[in-house]
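Structure, as structure tokens:
The values are calculated or read from the model by the stated rules, or taken from the named source; none is laboratory data. In this text, all values refer to a predicted model and were calculated from it rather than measured experimentally. Counting neighbours? That spans all protein chains shown, and the Cβs are built from the backbone with ideal geometry, glycine included. These area figures cover heavy atoms from the full protein model, side chains too; ligands, DNA and RNA do not enter into them. Shrake-Rupley method; radii C 1.70, N 1.55, O 1.52, S 1.80 Å.
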Amino acid sequence: SHHDEFDVPLKPGELYEKQMPHQFAKFFGEFEESGATLWPPPKTYQYYENKVGLAELFKSSGVKTPTTWVFRSAADAHRAADEVKYPVIVKDPYGYSSIGLLQAQDKSEFSTAIEEFFKNAKVGVEALVQNKVQALREARITYVDGRPFHGYWRIRENIKSASAASTRGGYQDFSFPLAVIAPFVERFANLTGIVVGGADFIWQEREPNVKVEPYCLEVSPTSDINPEPPVGWDKAYAEFKKEKGFRAAYLKVRRQWTDAMVLAVVDRYRRQRRSLFVELDGVVAGLAAAVPALKGARPELGPSLAGAAGALRELRALFFVRLFTVRGQAGDSFNTTQWWLDAKGIQYDELIVLRKAEHGAAYVQPGALVVAAAEAGSETTAALRRAGAVLLPFLDGGWQE
């Protein structure tokens with residue numbers, strides 16, 4: 001939804017623009033009072049369209065960002081004019097889409113820009129002044145749980161332009177190397193605690209080296225995502241937004257973003273407990289009870305090992321239990337295996353059905369715990385061992401031992 005839908009209660013002298021992001025955080029935070037967990041955390045919304053709060057956050061968390069000053073009056077700005085490093089951009093800290101953006105190349109232009117800013121600003125609105133990074137390109141990166149999801153270059157009309165926004169004549173290049181910038185995005189999310197957002201990154205060089213840590217200009221915990229225009233599009237991006245196909249392209253990328261959000265939440269749930277991989281054959285099911293493939297008839301049930309159901313039920317309190325088995329190309333192997341486990345009362349968090357033994361290595365990370373029966377899955381266990389898994393041999397005495 002849009003912030004215009006929120007009725008922000010104001011006390012005498014309070015500004016809507018200043019209170020709105022805190023009202024967001026409070027509104028979403030009330031959801032957690034019922035005992036539920038909201039993700040991203042409600043507190044991150046206090047930085048929505050709040051560049052003063054972001055400047056304080058970036059400074060305290062050690063984010064690489066251009067030198068920034070916050071002035072509460074024109075008089076304060078004039079007094080500090082000799083300390084300011086030019087050129088600079090003058091921003092409305094509660095604005096968006098580069099609306100009201102001004103710039104100054106020297107002290108004289110700064111004085112004029114400051115007077116213009118405070119003449120047009122509401123009483124109580126600060127001027128955010130930021131050292132201008134001299135570059136034609138900046139990157140808009142949308143990320144989910146610290147992982148880059150979508151990105152493109154925002155290219156200024158010329159080096160003198162104050163912004164690369166499409167509203168300022170900028171255009172986009174979607175050939176951005178997301179994988180290369182991933183470590184910087186992850187570090188940024190960890191430093192700030194803003195785990196989901198749209199961030200603007202910029203490099204000082206004319207030809208950016210994305211392997212070098214960039215400056216972060218700002219981040220929003222929620223933002224629109226510009227879809228890629230059709231192949232061969234050579235007009236300004238603002239023109240694409242007027243095209244008939246824009247809406248469908250926009251909804252498509254938003255749905256992809258929603259999928260990424262869901263996967264991130266599931267992944268976080270998994271990581272709350274250490275994964276315990278348990279081989280099905282020879283550990284949960286007896287060797288003679290290899291679960292048969294479904295071929296149009298109900299498969300015969302083999303016995304589960306004594307104590308398996310009870311042991312896995314207890315282990316789920318400590319671990320994220322992930323059962324795995326190799327079934328090759330046989331029939332509807334996943335549903336058949338799942339049906340057998342349910343019939344035996346076996347509890348688990350995830351079932352992994354592999355076509356080939358070596359595929360198991362794709363699921364584990366170095367140090368993962370794996371309970372395996374060597375004689376039942378020698379190829380599987382060998383692949384897991386090569387992937388760095390810690391193998392816990394299933395003893396002949398069974399689960400009790």
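A few notes on this one:
- Enumeration of residues in the range 95-110 that are more than 34 Å from the chain's Cα centre (by Cα) and surrounded by 15 or more Cβ atoms within 10 Å (Cβ to Cβ): Ala104, Glu109, Phe110
- Extreme residue, nearest to Pro21 (Cα to Cα), among residues of the range 64-80 that are open to solvent by 20 Å² or more (accessible area, probe 1.4 Å) and in a loop (DSSP other than H, G, I, E, B): Arg72
- Filter result for Arg313 (closer than 19 Å to Arg273 by Cβ, open to solvent by less than 80 Å² (accessible area, probe 1.4 Å), among the charged types (D, E, K, R) and at pLDDT 90 or above): no
Here's the yes/no breakdown for (1) in a loop (DSSP other than H, G, I, E, B); (2) modelled with pLDDT of 90 or more:
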residue	(1), (2)
Glu14	yes, no
Gln23	no, no
Val52	no, yes
Ala55	no, yes
Asp82	yes, yes
Ser97	yes, no
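- The residue of the range 370-386 that is farthest from Val278 (Cα to Cα), among those that are open to solvent by less than 30 Å² (accessible area, probe 1.4 Å) and either at pLDDT 85 or above or in contact with a helix residue (DSSP H, G or I) (Cβ under 6 Å, 6 or more places away or on another chain) (or both), is Ala383.
- Residue pairs whose Cβ atoms lie under 7 Å apart, sitting 6 or more positions apart in sequence or on different chains, and linking a residue in the range 178-191 that is surrounded by 15 or more Cβ atoms within 10 Å (Cβ to Cβ) to a partner that is part of a helix (DSSP H, G or I), are Leu191/Ser61.
- Leading residue by the ranking (nearest to Leu391 (Cα to Cα)) among those in the range 255-300 that are in a helix (DSSP H, G or I), at pLDDT 70 or above and open to solvent by less than 60 Å² (accessible area, probe 1.4 Å): Asp267
- Some residue of the range 83-94 being of a type in the set (Ser, Thr, Tyr) and open to solvent by 70 Å² or more (accessible area, probe 1.4 Å): no
- Residues that are within 28 Å of Leu191 (Cα to Cα) and of a type in the set (Gly, Ala, Ser), drawn from the range 51-88: Gly53, Ala55, Ser60, Ser61, Gly62
- Members of the range 322-361 that are over 32 Å from the mean Cα position of the chain (by Cα), aliphatic (A, V, I, L, M) and modelled with pLDDT of 85 or more: Leu341, Ala343, Ile346
- Among (1) of a type in the set (Phe, Trp, Tyr); (2) over 28 Å from Leu263 (Cβ atoms); (3) modelled with pLDDT under 95; (4) in contact with a helix residue (DSSP H, G or I) (Cβ under 7 Å, 6 or more places away or on another chain) - the single one Tyr45 does not satisfy: (2)
- Lone qualifier among Glu157, Glu116 - being acidic (Asp, Glu), over 28 Å from the mean Cα position of the chain (by Cα) and modelled with pLDDT of 90 or more: Glu116
- Conditions (1) assigned to a helix (DSSP H, G or I); (2) farther than 23 Å from Ala199 by Cα; (3) at pLDDT below 85; number of the one not met by Asp4: (2)
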